[in-house]
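The values are calculated or read from the model by the stated rules, or taken from the named source; none is laboratory data. Just so it is clear, the structure is predicted and the values come from calculations on it, not from any experiment. All Cβ positions, glycine included, derive from the backbone under ideal geometry; neighbour counts span all protein chains shown. Accessible surface is based on the protein model in full, side chains and every heavy atom, while ligands, DNA and RNA are left aside. Shrake-Rupley method; radii C 1.70, N 1.55, O 1.52, S 1.80 Å.
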Amino acid sequence: MISGDNRRVSPSTASAPTAADLVDWDAAVRLARLAVPAGPRVPTATRRATVALLHRSIVGATPWAGRITGLPDAARHAAATAEVLVVDRTGLMTASAAWLRGLMRNMGDRGIAAPDVGRGTRALATAHVGAVLGYMSTRLLGQVLPPLGASAGTRPGARLLLVAPNVLAIRQRLDLDVLDLPAWITLHEATHLIQLSAAPWLAEHLVAQLGAVVRGLVDASRRTASGRAERCARLARAAARARSADGRPSEPAALLLGGLLEPSERAALARVVALLTLLEGHAEAVLDAVDPSRMPSVHRLRAVLARTRRDAGDAGGVGPGSGSGSLLHHMIGMEAKEAQYADGAAFVRAVVARVGHAGLNAVWAAPDHLPRPGELARPDQWIERLGL
């Protein structure tokens with residue numbers, strides 16, 4: 001078994017119930033494990049070599065991404081503080097569930113308590129989380145989990161999960177270079193680590209934005225009007241039933257969240273999606289700087305992965321995972337579509353073309369510097385607003 005973080009999702013120590021108590025996290029992980037194969041069968045030496053290559057690749061990728069982005073100090077901080085784990089699929093599920101549980105427990109500190117729900121509602125929520133964990137565990141190549149809180153004056157590091165069996169699977173299926181593929185994946189993920197280090201406020205800002213969405217879901221669960229209750233139940237049943245041939249949640253699951261949220265809450269969700277789109281687009285644009293002198297098979301790698309992503313219909317596992325986008329996109333039922341990746345990358349490329357990476361890096365200065373949802377398609381408006 002490839003080394004992983006297979007720790008049990010421990011019970012809550014909080015005295016008051018929080019939004020995390022809407023899900024039985026250990027049961028969700030068990031459900032996911034039952035539905036997911038371990039990965040390709042390869043000799044032990046091949047597994048060990050893959051683990052070693054991923055560890056070695058991230059060491060070189062972090063300063064490389066720092067040079068491309070013009071953020072060498074953030075790269076050094078990321079290298080010094082990030083926890084890097086090469087995991088198997090169970091390790092990815094368990095670590096992701098623990099992070100999501102911590103995220104939702106943090107909502108209690110924001111006045112978002114757990115609603116009084118029945119066993120059926122909790123079972124549905126657990127099944128949905130289990131389905132998402134299982135689906136993404138076969139597709140993500142890497143995942144960055146932002147820190148969930150910091151003491152005053154500290155900048156805690158993120159956790160990077162590199163999913164060895166999925167790297168092996170995609171390399172075998174697409175016949176990709178044994179050295180270049182890990183370098184490509186880790187360069188993408190190193191960019192996300194650098195983003196979090198360049199903007200110490202970023203993780204907390206993301207949690208705050210998610211808080212508005214979670215609050216809306218909690219409030220929806222408390223509503224007792226029969227029309228709303230019937231609609232919620234109908235959407236939940238559709239989401240629980242809906243699966244495509246490869247097991248991924250299909251469109252009714254993607255509609256579940258939007259059906260429950262009020263207009264103001266959907267606006268908060270749009271801001272979350274815009275932020276995740278920016279983070280992914282930035283990492284995509286960093287990969288543009290790779291050339292054959294550093295990565296001999298880069299042209300084929302870029303073309304094959306882009307084509308595979310388009311064919312798959314979502315970006316969640318045929319290319320590197322997002323900083324938190326892949327996990328969060330799936331959990332909120334709005335997967336990161338190819339168009340969202342393209343919008344984010346197009347925004348970054350347009351800004352860099354006009355004001356360089358130094359100008360783009362103004363985005364990490366403060367939350368108000370993030371592009372608004374409408375500005376992703378109009379980078380000139382963002383440049384004008386920031387006076388660059």
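Things worth noting here:
- Hz values of 3J(HN,Hα) by residue in the range 38-45 - Karplus curve (6.51, -1.76, 1.60), Gly and Pro given as x: 5, x, x, 8, 9, x, 4, 4
- 14 Å beta-carbon shell around Leu275, net charge (K/R +1, D/E -1): -3
- Under-5 Å amide H pairs with Gly142, H placed in peptide plane, nonlocal only: Val163, Gly321
- Approximate spin-label separation Asp380-Arg302, in nm, with each point projected 7 Å along Cα-to-Cβ: 2.6 nm
- Taking label points 7 Å from Cα along the Cα-to-Cβ direction, Arg119 and Ala353 give a separation of 6.0 nm.
- Counted charge near Pro182, where neighbours are those whose Cβ lies closer than 14 Å (Asp, Glu -1; Lys, Arg +1): +2
- Cβ-Cβ distance of Trp201 and Ala270, R₀ of 25 Å, FRET efficiency by 1/(1 + (r/R0)^6): the value works out to about 0.80.
- Exposure of Arg349 as accessible area (Å², to 10), given a probe of 1.4 Å and all protein chains: 110 Å²
- Global geometry of the range 164-216, whether rounded, prolate or oblate, following the gyration tensor of its Cα atoms and the 1.5 cut on a/c: oblate
- From phi via Karplus (6.51, -1.76, 1.60), per-residue ³J(HN,Hα) for the range 122-137 in Hz, x at Gly/Pro: 5, 5, 5, 5, 5, 5, 5, 4, x, 5, 5, 4, x, 4, 6, 5
- A Förster distance of 25 Å, applied to the separation of the beta-carbon atoms of Arg294 and Arg76, puts the FRET efficiency at 0.80.
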